[in-house]
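Student: One structure, pasted below without further comment.
Only the coordinates and a few stated rules stand behind these numbers; no lab work does. Everything numeric in this text was worked out from a predicted model, so none of it was measured. Ideal geometry is used to build each Cβ from the backbone, glycine not excepted, and the neighbour counts take in all protein chains shown.
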Amino acid sequence: MKIIEGGVCAAKGFTAGSVRCGIKESRTADDTAIIFSACECTAAATYTMNRVKAAPLYVTMEHLENGVARAIVANAGNANACAPDGMENARRMAKAAAAVLGVEEQDIIVASTGVIGQRLPVECIEAHLPEIVLSDDASERANHAIMTTDTRPKTAAVEFVAGGKTCHIGGICKGSGMIHPNMGTMLSFLTTDCAITHEMLTDALQESVKKTYNRVTVDGDTSTNDMCVVLANGMAGNELIDWQDEDYQAFCKALGEVNTRLARQIAADGEGATKLVTCTVKNSRSEEAAERLAKAVVGSNLVKAAMFGADANWGRVLCAMGYSKAPFRPEYVSVAFASAAGSVTVCEKGEAVDFDEAAAKQILSENEITIQIDVNEGENSATAWGCDLTYDYVKINGDYRT
């Protein structure tokens, strides 16, 4: 497997593009993107577990009942969630994209992100979408078009071998705030030229999501619009993957690499964040317990604030572990902080140890920090990702709607 460039255009047969439709008058950049395959794709998706779901999710669920799709159309600036005419406008958006691309409306996946509760001005999408120009090097432009409070695009792509053929998986995503996924991420769009059945693609995506996007938290809020979609057009020419064989494992490994890279980028770009915080729990009784512990730690506002202040307040780590509802024995726990500046052990067997406060502060002043936890009870591990909590998070969300 090799890391490559190209994002959603890295796989054969995929093009992308973006256009400014004017969904929000204050936005001068492009606000609507299309990702398109030269041929029909096997498709799979995961959606938010929030009981309140945006209209585009329901339309996408309908369109993916047959397990195939050709394109994704996505807009920023308006979530089309809890909004007047929501379903009608999501369908009109799909119809507009289908007309531009010359495909069936049922083959269009629809996604939206932005402010909740306001009517989507779909008329401007219908008017301007025909202006879009698709190309095989427009992944980054499409990525920028779906950004809201994101400060930078998020992309990843890999090359791997299946059935003796060179295959590719690439993706883009957006997500900065309202991120505590229980399925996937805010919006994640993945493409591959690998030939794989709908059943195998669905299994692979769901397994990957559990260990990547579902282990990210920025602020504890699960969005109404979360969606992760993968399109597979089979243009790499490999023998169809229809069983959990070696080729399937290679596909899963590649998909996991792309999703891990995207998940880390989301955490690092959390609203107002200055640091990516990774928590790895090892030697746990089960992977589920390790995951609960790791997510509780990176999700703790007190831990996040301590990371912002470069304060080695390890007591907050144990406190978060204690309310995670995961089984562990506090008296067995060791905690260390690590970064490019080194590492320092701050707790052993659930108790304080002497450590150099100045060295610890230097370690926690880096922009990537790892909280290493050893619960000394088993052989399982898990990693979760988050970010620090800064003053700017409140500033960004204090007037997000207005």
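Student: For segment 87-98, take each phi angle, set θ = phi - 60°, evaluate the Karplus expression 6.51 cos²θ - 1.76 cosθ + 1.60, and give the result in whole Hz per residue in order, putting x for glycine and proline.
Tutor: Listing the rounded values in order: 5, 4, 6, 5, 5, 5, 5, 5, 5, 5, 5, 4 Hz.
Student: Same structure, new question: May I ask for log10 I(q)/I(0) of the chain at q = 0.09, 0.14 Å⁻¹, from a Debye sum over the Cα atoms as equal point scatterers with solvent left out?
Tutor: Taking Cα atoms of the chain as identical point scatterers yields -0.54, -1.16.
Student: Per-residue ellipticity at 222 nm for the chain, helices alone: DSSP H runs ≥ 4 residues times -39500 (n - 2.57), over residue total, nearest 500 deg cm²/dmol?
Tutor: Values: 11 runs with 120 residues, N = 402.
Taken over the chain, the calculation gives -9000 deg cm²/dmol.
Student: How large are Rg and Dmax for segment 212-350 when only the alpha carbon atoms are used, in Å?
Tutor: Both quantities, over Cα of segment 212-350: 18.3, 55 Å.
Student: Continuing with this model, one more query. What whole-number volume per residue, in cubic angstrom, does the convex hull of the C-alpha atoms of segment 273-316 give?
Tutor: Details: hull volume 3.3 nm³, N = 44.
Output value, Cα hull per residue: 74 Å³.
Student: When averaged across all projection directions, what area in nm² does the alpha-carbon convex hull of segment 296-346 cover?
Tutor: 3.7
Student: A further question on this structure: For the chain, calculate the relative contact order in percent as a whole number, restricting contacts to Cα pairs under 8 Å that are 6 or more residues apart.
Tutor: Relative contact order comes out at 17 percent.
Student: What are the radius of gyration and Dmax of segment 276-398, computed over its Cα atoms and given in Å?
Tutor: For segment 276-398, the Cα radius of gyration and maximum Cα-Cα distance read 13.8, 44 Å.
Student: Quick one, can you get me the convex hull of the C-alpha atoms of segment 74-159 expressed as volume per residue in Å³?
Tutor: 117
Student: If you consider only alpha-carbon coordinates, what radius of gyration and Dmax does segment 1-109 have, in Å?
Tutor: In order Rg, Dmax, the Cα atoms of segment 1-109 give 14.7, 47 Å.
Student: Determine Rg/Rh for segment 123-261; Rg is computed over alpha-carbon atoms and Rh is the Kirkwood hydrodynamic estimate from the same atoms.
Tutor: On the way: Rg = 16.0 Å, Rh = 16.0 Å.
Expressed as Rg/Rh, it is 1.00.
Student: Continuing with this model, one more query. Given an 8 Å cut-off on Cα distances and at least 6 residues of separation, report the relative contact order of segment 104-240 as a percent.
Tutor: 25
Student: If packing is taken as the average count of other Cβ atoms within 10 Å, what order do 373-381, 348-356 fall into, highest mean first?
Tutor: 373-381, 348-356
Student: Follow-up question, since we're still on this one. List the lysines whose Cα lies under 21 Å from the Cα of Lys210, skipping any in the same chain that are fewer than 8 positions away.
Tutor: Qualifying lysines at Cα under 21 Å: Lys53, Lys154, Lys174, Lys253, Lys282, Lys295, Lys325.
Student: Using only alpha carbon pairs under 8 Å that are at least six residues apart, calculate the relative contact order of segment 276-398 and give it in whole percent.
Tutor: 44
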